[in-house]
Amino acid sequence: EGEGMSFKRLLILLAAQASWASSDAPSNHRRAADSVPADISHLKPAGLALGARRPARGDGLGADRLPQQANPPGSVLALLRLSEETKHAGWEQLECEPLLPSLPQVDRLLHLDTAKGIALSSAIWGVCLLTIWAWPWLSLEIKQQAADRIMSTIHAVMATALGAATVLWTPPACEVGRHCWLRGAVHITIGFLIVDFISQLVCDVWKQWREADFSMLLHHVLVGFCLGVGVTCDLAVWFCAALLFNEASSPLLTMLWYLQYTKQKESKWFLAVGVSLVIVFFLCRIVFIPYCFYKWVTIDFCNGANGVRAVLFFLVSPFFIGVFALNMAWFTKLSKGAVKKLRSIV
């Protein structure tokens, strides 16, 4: 008798599967949704309880509409998707509001998928660099020495603003979902790193207009790789975007280079810019990186993931340590230079 009941249940499941595969399944689904009482605000969908992204404002999923399921419940793909959602059920994804609601077309560019976002960013930074090279009021020597430095200053202003917006307007999160402007902020920096890496290869390694800085080339490769893994796998993207605030010191570094290049090391401007660089570097890196790590601790190191994701989340802490150690080495070098300059004046 038990086997008979199991066989009946199997027939019922197969019939349900076939009904979902029929052409009128979506309309049946909508009719069933229409029959639900309107006052259901006290209920929480199971998908959200498991950490799925809530419908963000503007993505077309209002409270009175239910998204059509790509796969019927009980199918293999649906079960795999459910497993993907529940394997890190210890947190909820970030509810990401639009960054520029008054400029929807610009804001939409920040919500592109990873491949399109990085490709578009690289193309824009490439056009920016070519525009600097084509600028008629800059000498050829300045272009050879500083075209990519000018581009890096433009990127630094944008990255600092995006990093500050991340910290001020969004809470720390392990995952941000596939439709969040934080991903676009990281795409912008990855595209810049690609173009700047190519520029350094041409100017420093191939043409040898400047002395090659292989540590900076290695920096671009490692940082670009880590950011790429983050946005591709949705791993600690909030922290990737927040750390863009580190770029606040880059414009001052470019100014210091220009004063040195134009032989103004003995001017008051050189001293003022140098001291400002040390102060800003200390605040936006030596202080800010531990602050971001503190935020990482407050969300329990994103414990709760399984498999490869658990290993990748575990590697975030060593990444923080490595980044902080590198910036401490740079800060020590800057501080020694500033102290030496001050002593020569006194």
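In the stretch 211-226, the residues that are of a type in the set (Gly, Ala, Ser) reach residues that are open to solvent by 50 Å² or more (accessible area, probe 1.4 Å) with C-beta atoms within less than 7 angstrom, at least six apart or across chains, in these pairs: 212/205; 224/194. Just give me the residues in the stretch 218-249 being out of contact with any Gly (no Cβ under 9 Å at 6 or more places or on another chain), aliphatic (A, V, I, L, M) and either open to solvent by less than 10 Å² (accessible area, probe 1.4 Å) or assigned to a loop (DSSP other than H, G, I, E, B) (or both), in sequence order. 235, the sole residue that qualifies. For the stretch 250-259, which residues satisfy the criterion of being open to solvent by less than 90 Å² (accessible area, probe 1.4 Å) and hydroxyl-bearing (Ser, Thr, Tyr)? Passing the criteria: 250, 254. For the stretch 193-210, the count of residues that are of a type in the set (Phe, Trp, Tyr), buried (at least 18 other Cβ atoms within 10 Å of the Cβ) and touching a residue at least 12 places away in the same chain (Cβ under 8 Å) is zero.
From the set of residues in the stretch 125-136 that are open to solvent by 70 Å² or more (accessible area, probe 1.4 Å) and among the aliphatic types (A, V, I, L, M), which is farthest from residue 184 (Cα to Cα)? Applying the filter and picking the extreme gives 134.
Collect the residues in the stretch 299-323 that are aromatic (Phe, Trp, Tyr) and either surrounded by fewer than 13 Cβ atoms within 10 Å (Cβ to Cβ) or over 21 Å from residue 288 (Cβ atoms) (or both), keeping them in residue-number order.
Quick first cut of the stretch 299-323, residues aromatic (Phe, Trp, Tyr) only: 301, 313-314, 319-320.
If the condition is that a residue be aromatic (Phe, Trp, Tyr) and either surrounded by fewer than 13 Cβ atoms within 10 Å (Cβ to Cβ) or over 21 Å from residue 288 (Cβ atoms) (or both), then 313, 314 are the ones that fit.
Given the criteria outside any loop (DSSP other than H, G, I, E, B), open to solvent by 60 Å² or more (accessible area, probe 1.4 Å) and farther than 19 Å from residue 281 by Cα, does residue 168 qualify?
Working: outside any loop (DSSP other than H, G, I, E, B): yes; open to solvent by 60 Å² or more (accessible area, probe 1.4 Å): yes; farther than 19 Å from residue 281 by Cα: yes.
For residue 168, the condition - outside any loop (DSSP other than H, G, I, E, B), open to solvent by 60 Å² or more (accessible area, probe 1.4 Å) and farther than 19 Å from residue 281 by Cα - is met.
Residue 184 passes every criterion in (1) touching a residue at least 12 places away in the same chain (Cβ under 8 Å); (2) in a helix (DSSP H, G or I); (3) open to solvent by 60 Å² or more (accessible area, probe 1.4 Å) apart from (3).
Here is a yes/no grid of residues against (1) without any contact (Cβ under 8 Å) to a residue 60 or more places away in the chain; (2) open to solvent by 40 Å² or more (accessible area, probe 1.4 Å); (3) among the polar types (S, T, N, Q):
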{"position": "261", "(1), (2), (3)": "no, yes, no"}
{"position": "268", "(1), (2), (3)": "yes, yes, no"}
{"position": "325", "(1), (2), (3)": "yes, yes, no"}
{"position": "331", "(1), (2), (3)": "yes, no, no"}
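You will find that of 139, 215, 122, the residue that is open to solvent by 20 Å² or more (accessible area, probe 1.4 Å) and closer than 28 Å to residue 296 by Cα is 215 and no other.
The values are calculated or read from the model by the stated rules, or taken from the named source; none is laboratory data. Note that the coordinates shown come from a computational prediction; the quantities given were computed from them, not determined experimentally. Cβ atoms come from the backbone with ideal geometry, glycine included; neighbour counts cover every protein chain shown. Side chains included, ligands, DNA and RNA excluded: accessible areas come from the protein's heavy atoms. Shrake-Rupley method; radii C 1.70, N 1.55, O 1.52, S 1.80 Å.
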